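The values are calculated or read from the model by the stated rules, or taken from the named source; none is laboratory data. All values reported here derive from a predicted model rather than from experimental measurement. Every residue, glycine among them, receives a Cβ derived from its backbone with ideal geometry; neighbour counts consider all protein chains shown. The protein model used for the area step is the full one, side chains on, heavy atoms only, and it has no ligands, DNA or RNA in it. Shrake-Rupley method; radii C 1.70, N 1.55, O 1.52, S 1.80 Å.
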Amino acid sequence: MIAVLADTPHFIAATVPRGADAAEGKPYSGFNICPYISDDAAHISRCRQALAEELGIETERIVMPLQTHSANVSIVGGPTDIKSLEHVDALVTRCRCLAIGVNTADCVPVLLADEEAGVIAAVHSGWRGTVAGIVPEAVRTMQTLGATPLRIKAFIGPCIHQCCFETGREVADLFPADLVLEYGEGNPHVDLPGAVIRQLADAGLPVDNITEYPVCSRCNPLEYCSARGAGFDSARTFSFIMLKD
């Protein structure tokens with residue numbers, strides 16, 4: 001079921017493709033566990049149970065925030081109800097066998113791990129969160145638990161790439177000029193994962209510690225969820241990281 005981004009003796013980081021049940025014109029077909037969109041509750045429950053079984057954990061140990069494109073980071077100490085994580089877009093933990101994750105449909109999922117310190121994070125970084133600094137804030141929060149940027153490994157999951165991230169001028173101007181591709185009289189295209197990678201490097205992560213998943217969600221909407229491809233009222237891709245027991 002999962003697409004593994006990293007699997008070490010200490011942690012696993014992965015994203016979950018929509019799967020074989022995904023169908024064009026059916027925005028909630030395939031895998032989805034995001035509970036604050038219009039999917040059927042029974043479908044969400046089945047998907048959540050299937051993921052928990054694959055990870056060998058109880059369903060309540062899959063933890064996600066109720067995202068609002070904020071720059072807010074929360075430290076979680078165990079299974080946590082999503083309602084207590086409202087207006088949060090990044091989670092940090094030292095708990096083992098706790099799969100913390102974020103839901104995306106073109107935004108950038110960022111999974112972070114300092115194996116030596118035993119600290120991990122899952123970050124939802126859309127263009128608003130990227131501009132607000134959610135990624136460096138997550139790194140700073142990890143440091144309060146003993147992580148060190150030089151040791152942190154980062155994994156960027158499937159998201160919209162510059163080929164498809166067309167924006168208005170007012171958004172493009174919020175990003176460094178070298179991350180904006182101009183199209184003459186057409187709208188500019190922003191390299192959103194490139195902006196996240198730059199923020200990670202500026203936060204002190206070695207470039208060699210940053211891995212980008214080479215799939216554009218908008219180009220592959222049957223593989224990974226894309227709001228631009230299916231509309232906002234559609235499923236979300238869950239990307240998660242978990243410290244092993």
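If I filter the stretch 108-125 down to residues being touching a strand residue (DSSP E or B) at 6+ places or on another chain (Cβ under 8 Å) and without any contact (Cβ under 8 Å) to a residue 60 or more places away in the chain, which single residue comes out as nearest to residue 144 (Cα to Cα)? Let's see the steps before the verdict.
Narrowing the stretch 108-125 to residues touching a strand residue (DSSP E or B) at 6+ places or on another chain (Cβ under 8 Å): 108-115, 118-125.
Within this subset, residues satisfying the condition of being without any contact (Cβ under 8 Å) to a residue 60 or more places away in the chain are 114, 119, 123-124.
Values: 114: 12, 119: 10, 123: 16, 124: 20 Å.
It comes out as 119.
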Query raised in the report: Do the conditions hold for residue 238, that is, is it closer than 17 Å to residue 39 by Cβ, among the aromatic types (Phe, Trp, Tyr) and open to solvent by 60 Å² or more (accessible area, probe 1.4 Å)?
Result: no
Query raised in the report: For residues in the stretch 163-178 being open to solvent by less than 50 Å² (accessible area, probe 1.4 Å) and of a type outside the set (Phe, Trp, Tyr), which is nearest to residue 216 (Cα to Cα)?
Result: 164
Query raised in the report: What residue, among those in the stretch 131-145 that are of a type outside the set (A, V, I, L, M) and open to solvent by less than 40 Å² (accessible area, probe 1.4 Å), is nearest to residue 113 (Cα to Cα)?
Result: 141
Query - residue 13 being within 18 Å of residue 93 (Cβ to Cβ), buried (at least 20 other Cβ atoms within 10 Å of the Cβ), in contact (Cβ under 8 Å) with a residue 40 or more places away in the chain and under 19 Å from the mean Cα position of the chain (by Cα) - result: yes
**Report entry** One residue from 205, 179, 174, 200 being touching a Gly at 6+ places or on another chain (Cβ under 8 Å) and hydrophobic (A, V, I, L, M, F, W, C)
**Finding:** 179
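Might you check whether a residue that is in contact with a Gly (Cβ under 7 Å, 6 or more places away or on another chain) and buried (at least 18 other Cβ atoms within 10 Å of the Cβ) occurs anywhere in the stretch 43-59? Quick ask: steps written out before the conclusion?
Filtering the stretch 43-59 down to residues in contact with a Gly (Cβ under 7 Å, 6 or more places away or on another chain) leaves none.
No, there is no match, as no residue in the stretch 43-59 is in contact with a Gly (Cβ under 7 Å, 6 or more places away or on another chain) and buried (at least 18 other Cβ atoms within 10 Å of the Cβ).
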Query raised in the report: Are there any strands (runs of 3 or more DSSP E) wholly within the stretch 97-206 with 2 or more residues that are touching an Asp or Glu at 6+ places or on another chain (Cβ under 6 Å), and if so which?
Result: 186-190
Query raised in the report: If you go through the stretch 116-130 one residue at a time, how many are open to solvent by less than 60 Å² (accessible area, probe 1.4 Å) and more than 14 Å from the chain's Cα centre (by Cα)?
Result: 3
Query raised in the report: Residues of the stretch 5-24 being in a strand (DSSP E or B) and farther than 16 Å from residue 121 by Cα, which ones?
Result: 23
Requested in this report: Determine whether the stretch 77-95 contains at least one residue that is more than 15 Å from residue 141 (Cβ to Cβ), small (Gly, Ala, Ser) and part of a strand (DSSP E or B).
Outcome: no
**Report entry** Single condition residue 93 does not satisfy, out of (1) over 26 Å from residue 60 (Cβ atoms); (2) among the hydroxyl-bearing types (Ser, Thr, Tyr); (3) under 16 Å from the mean Cα position of the chain (by Cα)
**Finding:** (1)
Query - Residue under evaluation residue 74, criteria (1) in a loop (DSSP other than H, G, I, E, B); (2) open to solvent by less than 60 Å² (accessible area, probe 1.4 Å); (3) without any contact (Cβ under 8 Å) to a residue 60 or more places away in the chain; (4) closer than 30 Å to residue 144 by Cβ, criterion not met - result: (1)
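Please pick out the residue among 109, 149 that is within 10 Å of the chain's Cα centre (by Cα) and either open to solvent by 10 Å² or more (accessible area, probe 1.4 Å) or under 30 Å from residue 49 (Cβ atoms) (or both). Walk me through it before giving the result.
Working: 149 fails: within 10 Å of the chain's Cα centre (by Cα).
Within the list 109, 149, the selection yields 109.
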Query raised in the report: Within the stretch 77-93, is there a residue that is surrounded by fewer than 22 Cβ atoms within 10 Å (Cβ to Cβ) and touching a residue at least 60 places away in the same chain (Cβ under 8 Å)?
Result: no
Report summary line: Restricting attention to the stretch 25-55, the residues that are among the β-branched types (Val, Ile, Thr) and not in a loop (DSSP other than H, G, I, E, B) number exactly 1
